[in-house]
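J.: Could you have a look at this structure, given as structure tokens, before my questions?
The values are calculated or read from the model by the stated rules, or taken from the named source; none is laboratory data. As the structure is a computational prediction, the values presented were derived from the model and not from experiment. Heads up, the Cβs are rebuilt from the backbone with ideal geometry, glycines too, and the neighbour counts pull from every protein chain shown. All accessible areas refer to the heavy atoms of the entire protein, side chains included, with ligands and DNA or RNA removed. Shrake-Rupley method; radii C 1.70, N 1.55, O 1.52, S 1.80 Å.
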Amino acid sequence: MNAKELDKTYIAPTYQRFDLLLTRGQGSELYDEAGKRYIDLGSGIAVNLFGAADPVHAAAVTAQLHELAHACNYYYTEPQSRLAELLIEKSGMRRVFFGNSGAEANECAIKAARLYGEQHGCRHKIITLKNSFHGRTIATLAATGQDVLHAHFGPFPEGFVYADADDLASVRGLSGGACAVMMELIQGEGGVLPLDESFVKGVAALCREKDMLLIIDEVQTGNGRTGHMFAYQHYGITPDIVTTAKGLGGGLPIGACLMGERGAVLTTGLHGSTFGGNPVCCAGAISVVERLTEDLFAQVWEKGEYVKSALVGAKGVKSITGLGLMLGIEIEKNAHDVAARCIENGLLVLTAKEKVRLLPALNIPFPLLAEGVCVLRDVLSE
Ligand code: PLP
């Protein structure tokens, strides 16, 4: 059997796969088994920040593999400590816990919030937003404000309540007995929907007033994606906890829960992970984070503006949302059909709800980006 047949035979069919087998890549160009080239405007859902087969990442990971692939968390390791220092410097938080995914970063944030609530007046409720997405584990699914994802898997852990996005009164109304508010600043899976700045600032103030932790889920928006290290830096707020993953590892699994002054409550024995902070993943992540500079962020911003200007008013495009290189395109056609047609034309795009979603590598060269946008325009206008 070939790989597609093996997949269909042996892998739990939880993903709706396109008929495409990728075998290799170089930067923002990927190739299938027949050698056909694709321009990649999805970067593995915001993961490959510096594209495929990134030589800097590969060198860092390979060197670490030859030194020490794994050590358990009873001991110190150099890459974990160095990565922690970098992330703390770039975020202004105080402590980090490393896990292996976005969901795990959020699990850690949920535990920290519950502990904070216990220490501050026996409060355990966590307010999240309707249409949010926080992961696929049972607790992060409970945190996810989408009924459609809750079907079949209850009962869920108690204490998650869902407020309306951009409606401060709705958050306030749920704040009795709450220890935290957790939200994405741009709802990614929900359709690339940025929150209103006045709402976000209002929630931050409410969290102070009601002694709740403000948890910002930057799993998708973090690590330069929106033209800042973290999206909260656009909004002028200081969260108590920031979670991130995806782009952090440059293609290897790592998640981080960054805790600020009020959120850094976890102490010895209260949380842990076998692979969290794995030296190889951390060495790769250091090579990524070290390159997340202001200069790069300016390019991200410029490229995002370019894509918007090239698509606004194009045939079949209704509207464009998002910041930097996290863009959602509301279209007239069915988004899944458009993504499939793009594949036929040598272009990889993502979808989010009924939108086409673009999350290209941050270092995608301008000509390649322009070529990809051209293909997308053609497909949308067919
Ligand atoms: N939070 C947000 C905002 C996400 O977009 C995702 C994944 O898409 C997650 C959490 C879950 O991350 P992971 O799939 O790494 O567990």
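J.: Name the aspartates and glutamates eligible as straight-distance cross-link partners of Lys125: C-alpha to C-alpha under 12 Å, and not fewer than 8 places from it in the same chain.
T.: Excluding near neighbours in sequence, the set is Glu158.
J.: I would also like to ask the following. At a Förster radius of 45 Å, what calculated FRET efficiency corresponds to the Cβ-Cβ distance of Ile45 and Leu270, to the nearest 0.05?
T.: So the FRET efficiency works out to roughly 0.90.
J.: Calculate for the chain the 222 nm mean residue ellipticity that helices alone would give, adding -39,500 (n - 2.57) per DSSP H run of length 4 or more and normalising by residue count, nearest 500 deg cm²/dmol.
T.: -11500 deg cm²/dmol, from helical runs alone.
J.: Relative contact order for the chain: what is it in percent, counting Cα pairs under 8 Å that are at least 6 residues apart?
T.: Rounded, it is 23 percent for the chain.
J.: So what is the relative contact order of region 1-124, in percent, for Cα pairs below 8 Å that sit 6 or more residues apart?
T.: 11 percent
J.: Among all cysteines in the chain, which have no other cysteine Cβ under 4.7 Å from their own Cβ?
T.: Those would be Cys72, Cys122, Cys179, Cys207, Cys281, Cys282, Cys342, Cys374, since no other cysteine Cβ in the chain comes under 4.7 Å of theirs.
J.: Another question about this same structure. Could you tell me the largest-minus-smallest coordinate of the C-alpha atoms of region 179-318 on each of the three principal axes, in descending order and whole angstroms?
T.: 57, 41, 26
J.: Exceeding 18 Å between C-alpha atoms, which entries from my cross-link table qualify? They are Lys246/Lys333; Lys36/Lys308; Lys130/Lys353; Lys111/Lys353.
T.: Lys246/Lys333; Lys36/Lys308; Lys111/Lys353
J.: Fully extended, how many nm does the chain gain between Glu302 and Ala71 (0.36 nm per residue separation, minus their Cα-Cα distance)?
T.: Taking 0.36 nm per residue and subtracting the Cα distance, the gain is 79.0 nm.
J.: Here's another thing I want to ask about it. Once you have the Cα-Cα distance between Ile88 and Glu197, take 0.36 nm times their residue separation minus that, and quote the gain in nm to one decimal.
T.: 36.8 nm
J.: Now for a separate question. Using only the Cα atoms of region 36-185, what are the Rg and Dmax in Å?
T.: 19.2, 60
J.: How far apart, in nm, are two points set 7 Å out from the Cα along the Cα-to-Cβ line at Ala340 and at His152?
T.: It is 2.1 nm.
J.: In nm, what is the difference between 0.36 nm times the number of residues separating Ala63 and Glu118 and their Cα-Cα distance?
T.: Going from the current span to full extension adds 15.4 nm.
J.: Continuing with this model, one more query. Return the ratio Rg/(2.2 N^0.38 Å) for region 119-199, where Rg is computed over Cα atoms only.
T.: Against the empirical 2.2 N^0.38 Å value, I get 1.08 for region 119-199.
J.: Can you list the DSSP H helices in the chain whose Cα atoms extend at least 24 Å along the helix axis and whose mean Kyte-Doolittle hydropathy is -0.5 or higher?
T.: For the chain, where a helix must reach 24 Å along its axis and average at least -0.5, the hits are 102-119, 294-311.
J.: Separate question: For the pair Glu294/Ala12, report the inter-label distance in nm, with labels modelled 7 Å from Cα in the Cβ direction.
T.: 4.7 nm
J.: Test of understanding: express the Cα radius of gyration of the chain as a ratio to 2.2 N^0.38 Å, with N the residue count.
T.: My calculation over the Cα atoms of the chain gives 0.98.
J.: Summarise the accessible area of region 124-169 (1.4 Å probe, protein heavy atoms) by the percent that is carbon and sulfur.
T.: C and S atoms contribute 60 percent here.
J.: Another question, if that's okay. Could you give the radius of gyration (one decimal) and Dmax (whole number) of the Cα atoms in region 63-110, in Å?
T.: According to the Cα coordinates of region 63-110, Rg and Dmax are 12.3, 36 Å.
J.: Roll a 1.4 angstrom probe over the protein heavy atoms and tell me the percent of accessible area of region 253-366 that is carbon or sulfur.
T.: Ligands and nucleic acids excluded, carbon and sulfur give 54 percent.
J.: Among Ala12, Ala151, Ala103, whose mean-square fluctuation peaks in a Gaussian network model of the chain (Cα, cutoff 10 Å)?
T.: Highest fluctuation of the listed residues: Ala12.
J.: Rg/Rh for region 206-264: what does it come to with C-alpha atoms and Rh from Kirkwood?
T.: Taking Rh as the inverse mean 1/r over Cα pairs, Rg/Rh reads 1.01.
J.: Could I ask something else about it? So if I take the centroid of the Cα atoms in region 155-182 and the same for region 323-382, what is the distance between those two points in Å?
T.: A separation of 34 Å, based on Cα centres.
J.: How much of the accessible area of region 18-81, probe 1.4 Å, is carbon plus sulfur, in whole percent?
T.: Of the solvent-accessible surface of region 18-81, carbon and sulfur hold 58 percent.
J.: Give the relative contact order (percent, whole number) for region 105-259; include only Cα pairs under 8 Å separated by 6+ residues.
T.: It rounds to 22 percent for region 105-259.
J.: Oh, and also: Using a 1.4 angstrom probe, figure out how much accessible area the chain has per residue, in square angstrom, rounded to the nearest whole.
T.: 44 Å²
J.: Next question. Using alpha carbon centroids, what distance separates region 110-134 and region 253-318, in Å?
T.: Using only Cα atoms, the two centres lie 23 Å from each other.
J.: Put a dot 7 Å past each Cα toward the Cβ at Thr23 and Ser309; how far apart are the dots in nm?
T.: Result for the modelled spin labels: 4.0 nm.
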